[in-house]
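The values are calculated or read from the model by the stated rules, or taken from the named source; none is laboratory data. Because the structure is a prediction, the values reported are computed rather than measured. Ideal geometry is used to build each Cβ from the backbone, glycine not excepted, and the neighbour counts take in all protein chains shown. We work out accessible area using only protein heavy atoms, side chains counted, and drop any ligands, DNA or RNA first. Shrake-Rupley method; radii C 1.70, N 1.55, O 1.52, S 1.80 Å.
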Amino acid sequence: MTKPKKKFYVVWEGRNPGIYDNWPEASRQVTGYPAGRVRAFSSLADAEAAYQNIPKRDPNAPVPREGVAVDAACSGNPGLMEYRGVNLATGEQLFHQGPFDDATNNIGEFLAIVHALALLGKQGKTDVPIYSDSRNAMNWVWDKQCRTKMERTPRNGEVFRLIERALTWLRDNPAPNPLRKWETDLWGEIPADFGRK
């Protein structure tokens with residue numbers, strides 16, 4: 001019996017683009033990821049060559065005009081954090097939370113996405129896309145885990161209560177809304193940006 005040949009998988013679009021030497025890990029990067037792109041190669045050299053020639057996004061692609069954009073701002077790390085969601089079509093602020101003491105930007109981005117999912121779910125708008133410029137936060141939502149290394153303190157207890165509530169919501173509810181990466185390089189700052197760069 002011949003041993004199956006080893007394959008290498010190039011993930012161009014996914015949670016963590018790169019080259020993977022096993023299908024379960026490569027599949028994890030694209031499963032549930034909008035427009036995920038992966039391909040198998042029979043040699044590492046072919047995979048590396050293909051990955052170096054990553055298909056580029058069309059710079060003339062139109063800026064999204066439908067959906068909800070979310071973002072967070074944090075003064076310090078950890079520091080004072082707030083987050084919000086904005087309707088892309090109208091520019092209307094749909095929600096704003098904070099400021100919260102001793103939090104991080106990644107936590108704010110994560111909470112903003114879950115807030116948008118819960119709000120749109122309550123309104124029955126499960127086909128409305130949500131845009132975030134944070135790959136970390138998107139991964140946390142898809143994996144239903146908040147991977148913060150921040151320690152709980154008396155000052156950030158409210159933030160940890162919000163994280164626990166968000167994780168419970170993700171476990172108990174389907175999250176069918178498309179979650180998409182805001183392409184800042186092509187489209188400029190996300191409309192929910194707080195303008196504190």
| task | Measure off, as a whole percent, the carbon and sulfur share of the 1.4 Å-probe accessible area of the chain, all protein chains present. | result | 49 percent
| query | Which residue, Pro62, Pro174, Pro129, has the most motion in a Gaussian network model of the chain that connects Cα atoms within less than 10 Å? | reply | Pro62
| said: Taking R0 as 45 Å, what FRET efficiency do you get between Gln123 and Glu48 from their Cβ-Cβ distance, rounded to the nearest 0.05? | reply: 0.45
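The chain: percent of C-alpha pairs farther apart than 22 Å?
53 percent
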| Range of Cα positions in segment 45-136 per principal axis (Å), largest first | 48, 33, 22
| Long-range lysine pairs (8 or more apart or interchain), segment 80-197, Cα under 24 Å | 8
| query | Under DSSP H, which helices of the chain have Cα atoms covering 20 Å or more of the helix axis and a Kyte-Doolittle average no less than 0.5? | reply | 105-122
| remark: Under a 1.4 Å probe, counting only protein heavy atoms, Phe95 has an accessible area in Å², nearest 10, of 20 Å²
| message | Please list, by residue number, every one of the GluC sites (Glu not before Pro) in segment 132-197 that is coil in DSSP and has at most 10 other beta-carbon atoms within 10 Å. | response | Glu151
| said: Need the C-alpha centroid separation for segment 91-156 versus segment 64-89, integer Å. | reply: 9 Å
| said: Stokes-Einstein diffusion coefficient for segment 105-197 at 25 °C in a medium of 0.890 mPa s, Rh from the Kirkwood formula over Cα pairs: what value in µm²/s? | reply: 175 µm²/s
| remark: For segment 1-159, dividing by residue count, accessible area per residue (probe 1.4 Å) in Å² works out to 55 Å²
| task | Mind listing the long-range amide H neighbours of Leu94? Cut-off is under 5 Å, sequence gap 5 or more, other chains count too, H placed in the peptide plane at 1.01 Å from N. | result | Gly85, Val86, Asn87
| said: Of Thr148, Leu94, Ala116, which is farthest towards the positive pole of segment 92-157's charge dipole, taken about the Cα centre with +1 and -1 on the beta-carbons of Lys, Arg and Asp, Glu respectively? | reply: Thr148
